[in-house]
1. Hey, among the residues in the stretch 37-51 that are closer than 15 Å to SER21 by Cβ and buried (at least 16 other Cβ atoms within 10 Å of the Cβ), which one's farthest from the chain's Cα centre (by Cα)?
2. Tell me, which residue of the stretch 52-92 that is over 30 Å from ASN2 (Cα atoms) and in a loop (DSSP other than H, G, I, E, B) is modelled with the lowest pLDDT?
3. Quick one: would you say GLU25 is among the charged types (D, E, K, R), under 14 Å from the mean Cα position of the chain (by Cα) and either under 30 Å from ASP91 (Cα atoms) or assigned to a helix (DSSP H, G or I) (or both)?
4. Output the residues belonging to the stretch 48-62 that are among the acidic types (Asp, Glu) and closer than 18 Å to GLY15 by Cα.
Amino acid sequence: MNFSAEWVEMVPNLGWRAEFSIPMELAPLNATGNNHFTLGLDIMFGKNGELQLVTWDGKVLVETCGTRAPELDKDYRDQIPLDQSFKLAYDLAVPPFPETPCPDPEK
């Protein structure tokens, strides 16, 4: 299974992109009946373009560092109405951040 993602890191408003794949046998498929399945995954984004693909039970399937995409750089705080949870996320997104395996970007 192939995936691609583009995102903007909230602080410092830097754009990233990544492509990655996982073997189908590692995909956590959950039967929902009538030959239908759901795929139980979360995507986690960290500092310096870190991306993790994680199963719902916490198993990390992919950990990679994205590639800088300066054309995606944007500060979204003034562009969208901030509900309380999103405002809280911005308020909490201040250094120091947890360590990451990804190197500091060249802006």
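1. Taking the stretch 37-51 and keeping what is closer than 15 Å to SER21 by Cβ, we get 39, 41, 43, 51.
Adding the requirement that they be buried (at least 16 other Cβ atoms within 10 Å of the Cβ) leaves 41, 51.
On the way: LEU41: 11, LEU51: 5 Å.
The qualifying residue farthest from the chain's Cα centre (by Cα) is LEU41.
2. Step one: filter the stretch 52-92 for residues over 30 Å from ASN2 (Cα atoms), giving 77-85, 87-88, 90-92.
Retained after the next criterion (residues that are in a loop (DSSP other than H, G, I, E, B)): 77-83.
Working: ARG77: 72, ASP78: 71, GLN79: 66, ILE80: 62, PRO81: 63, LEU82: 59, ASP83: 62.
So the residue we want is LEU82.
3. Details: among the charged types (D, E, K, R): yes; under 14 Å from the mean Cα position of the chain (by Cα): no; either under 30 Å from ASP91 (Cα atoms) or assigned to a helix (DSSP H, G or I) (or both): yes.
No, not satisfied.
4. Across the stretch 48-62, the qualifying residue is only GLU50.
The values are calculated or read from the model by the stated rules, or taken from the named source; none is laboratory data. Since this is a predicted model, take the numbers as computed values, not measurements. In this analysis, Cβ positions are derived from the backbone assuming ideal geometry, glycine residues included, and neighbour counts consider all displayed protein chains.
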